[in-house]
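S.K.: Shown below is the structure under consideration.
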Amino acid sequence: MVAEVPDPRLDDAAVRNLAACFRCDQRWLERKLARRELVAAQRMLHLGLVEANLRLLHELRLRRKERSFPEGRRLERIAPRAVVGAVTVSARPTRSALRSASRKAGVTCASLVRELTGDR
């Protein structure tokens, strides 16, 4: 039965809203880094930033009529390595590693939003 339920889709307004939420989460992460709350920052990196990028990538693949599964499932098997590399992060709980991963996620988010909406 679950396989028969279509994935919820994002229209351009929802994509832009998700990007705005991403930026808020990214600022929150920066504040945690400034306070040296590294575990909280690492958690936001994965729960907020990576999750947003996975949702955006899933929508992009659906719009392109490419095979896709929600939540990053099977991504390693169905997407090119460069795409997988763009949405994954690896960051030790240090300020520099988390800041670098956050910036990488931000570049990926901006790229996905541009591809989805045509916004510059």
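S.K.: Residue separation times 0.36 nm, minus the C-alpha to C-alpha distance between V39 and R63: what's the value?
M.R.: Residue separation times 0.36 nm, minus the Cα-Cα distance, leaves 5.1 nm.
S.K.: Same structure again: In a GNM of the chain with a 10 Å cut-off on Cα contacts, which of A19, A91, A105 has the highest mean-square fluctuation?
M.R.: Greatest mean-square fluctuation among the candidates belongs to A91.
S.K.: Then there is this: Place a +1 charge on the Cβ of each Lys and Arg in the chain and a -1 charge on the Cβ of each Asp and Glu, then give the dipole magnitude about the Cα centre in debye, rounded to the nearest 20.
M.R.: The calculation lands at about 580 debye.
S.K.: Of (i) 9.5; (ii) 7.9; (iii) 9.9, which one was derived for mean projected area of the Cα convex hull in nm² from the structure shown?
M.R.: Looking at mean projected area of the Cα convex hull in nm² for this model, the match is (ii).
S.K.: Now for a different question. Let's test the formula: R0 of 22 Å, r as the Cβ-Cβ distance of E4 and E115. What FRET efficiency results, to the nearest 0.05?
M.R.: 0.15
S.K.: Something else now. Select from A110, V84, L98 the residue farthest towards the positive end of the dipole of segment 72-120; place +1 on Cβ of Lys and Arg, -1 on Cβ of Asp and Glu, and compute about the Cα centre.
M.R.: Projecting each Cα onto the dipole axis, the largest value belongs to L98.
S.K.: Determine the per residue accessible area of the chain with all protein chains present and a 1.4 angstrom probe, expressed in square angstrom.
M.R.: The answer is 64 Å² per residue.
S.K.: Here's another thing I want to ask about it. How do 107-114, 69-76 rank on mean C-beta neighbours within 10 Å, highest first?
M.R.: 107-114, 69-76
S.K.: Of all the accessible heavy-atom surface of the chain, with the other protein chains kept in place and a 1.4 Å probe, what percent is carbon and sulfur?
M.R.: 52
The values are calculated or read from the model by the stated rules, or taken from the named source; none is laboratory data. These figures come from a predicted structure and were not determined experimentally. With ideal geometry, Cβ positions are generated from the backbone for all residues, glycine too; neighbour counts draw on all protein chains shown. Note: accessible area is taken over every heavy atom of the protein model, side chains too, but ligands, DNA and RNA are not part of it. Shrake-Rupley method; radii C 1.70, N 1.55, O 1.52, S 1.80 Å.
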